[in-house]
Every structure is written in structure tokens, then in C-alpha cells.
1. Output the residue which, of all residues in the range 25-56 that are within 17 Å of Asp75 (Cα to Cα) and within 11 Å of the chain's Cα centre (by Cα), is most open to solvent (accessible area, probe 1.4 Å).
2. Please go through the range 46-104 and give me each residue that is part of a loop (DSSP other than H, G, I, E, B), among the hydroxyl-bearing types (Ser, Thr, Tyr) and more than 23 Å from Asn25 (Cβ to Cβ), ordered by number.
3. How many residues does the range 80-99 hold that are over 14 Å from the mean Cα position of the chain (by Cα), without any contact (Cβ under 8 Å) to a residue 12 or more places away in the chain and open to solvent by less than 90 Å² (accessible area, probe 1.4 Å)?
4. What is the residue count in the range 1-38 for residues that are free of Cβ contacts under 8 Å to residues at least 40 places away in the same chain, in a strand (DSSP E or B) and among the hydroxyl-bearing types (Ser, Thr, Tyr)?
5. Among the residues of the range 57-79, write down those that are charged (D, E, K, R) and open to solvent by 80 Å² or more (accessible area, probe 1.4 Å).
6. Report yes if Val11 is of a type in the set (Val, Ile, Thr), in contact with a strand residue (DSSP E or B) (Cβ under 7 Å, 6 or more places away or on another chain), closer than 17 Å to Lys87 by Cα and modelled with pLDDT of 95 or more, otherwise no.
Amino acid sequence: MHATIRRYDGVDTTRMNEVVGKVNNTLVPQLRELPGFSGYYLLEADNGVLSSFGLFETSEQADESKTLVTKWISDENFNSVIPNAPKITSGKVVAHSDGIPALV
């Protein structure tokens, strides 16, 4: 499993609800259609920071999500709302817990 974390700084806080609504209504359905999609989470922090966490089976599939998200920002005319390129961390998931205790 591979994860991609994106941190967006400088997001227009007056349009945060609009961005979150569009993520839920248009971006997440597009991500679900990508091969290897395992999950997506969006976190709203203070001071115009959004971070996303996406899970895919392979690194190539995770890379494809980067292209989709970049296109989505442009297609939704959010270039001025999300003015800065994200800081991206991507890599192989080496430990995890889904909250369900393992059966022995």
C-alpha cells in the first residue's frame, strides 16, 4: 500500500466550505474511480491549511492521483482559492492499524 500526503498552505479561508463541499461532491467520486484506490481523507487545520491523505495499492496509482487532483483544482477554478502548490510526501506504508484488534 502507498500513501500520498498533500499539505496546502494559504487556502482562502472564506471559501473553505466551498472547497470541502466540492471535494466531497466531485473529487472523491473521481478518486474512487482510480485503480487501486483504498481511501482518502481531508483535514482542515487552522490558518488556511488543508491536508489530504490518499491510499492506493501501488506507487504508480498514487502518482496518478496527483495528476487527477492538480487537474481537479484547475477544472473547479480553485487556482486562486488554493494558490500554492502542495508540499507532497509519498511513499510505501510500512506500518498501520485500522482500529480493529487482530485475532490470534
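The values are calculated or read from the model by the stated rules, or taken from the named source; none is laboratory data. In this text, all values refer to a predicted model and were calculated from it rather than measured experimentally. Reconstructed Cβ throughout: ideal geometry from the backbone, glycine too, with neighbour counts over all protein chains shown. What goes into the accessible areas is simple: the full protein's heavy atoms, side chains included, and nothing from ligands, DNA or RNA. Shrake-Rupley method; radii C 1.70, N 1.55, O 1.52, S 1.80 Å.
1. Here is the first cut: in the range 25-56, the ones within 17 Å of Asp75 (Cα to Cα) are 25-31.
From the residues that got through so far, the ones that are within 11 Å of the chain's Cα centre (by Cα) too are 27-28, 31.
On the way: Leu27: 3, Val28: 21, Leu31: 4 Å².
Looking at residues that are within 17 Å of Asp75 (Cα to Cα) and within 11 Å of the chain's Cα centre (by Cα), I get Val28.
2. Step one: filter the range 46-104 for residues part of a loop (DSSP other than H, G, I, E, B), giving 46-49, 57-58, 76-86, 93-104.
Now narrow it down to the ones that are among the hydroxyl-bearing types (Ser, Thr, Tyr): 58, 80, 97.
Passing the criteria: Thr58, Ser97.
3. 2
4. In the first step, residues of the range 1-38 are kept if they are free of Cβ contacts under 8 Å to residues at least 40 places away in the same chain; the result is 13-14, 16-17, 20-21, 23-25, 28-29, 31-38.
Keeping just the survivors that are in a strand (DSSP E or B) gives 37-38.
Pick out the ones that are also among the hydroxyl-bearing types (Ser, Thr, Tyr) and you get 38.
Residues that pass the stated criteria total 1.
5. Step one: filter the range 57-79 for residues charged (D, E, K, R), giving 57, 60, 63-64, 66, 71, 75-76.
Scanning the range 57-79 gives Glu57, Glu60, Glu64, Lys71, Asp75.
6. Working: of a type in the set (Val, Ile, Thr): yes; in contact with a strand residue (DSSP E or B) (Cβ under 7 Å, 6 or more places away or on another chain): yes; closer than 17 Å to Lys87 by Cα: yes; modelled with pLDDT of 95 or more: yes.
Spelling it out, Val11 is indeed of a type in the set (Val, Ile, Thr), in contact with a strand residue (DSSP E or B) (Cβ under 7 Å, 6 or more places away or on another chain), closer than 17 Å to Lys87 by Cα and modelled with pLDDT of 95 or more.
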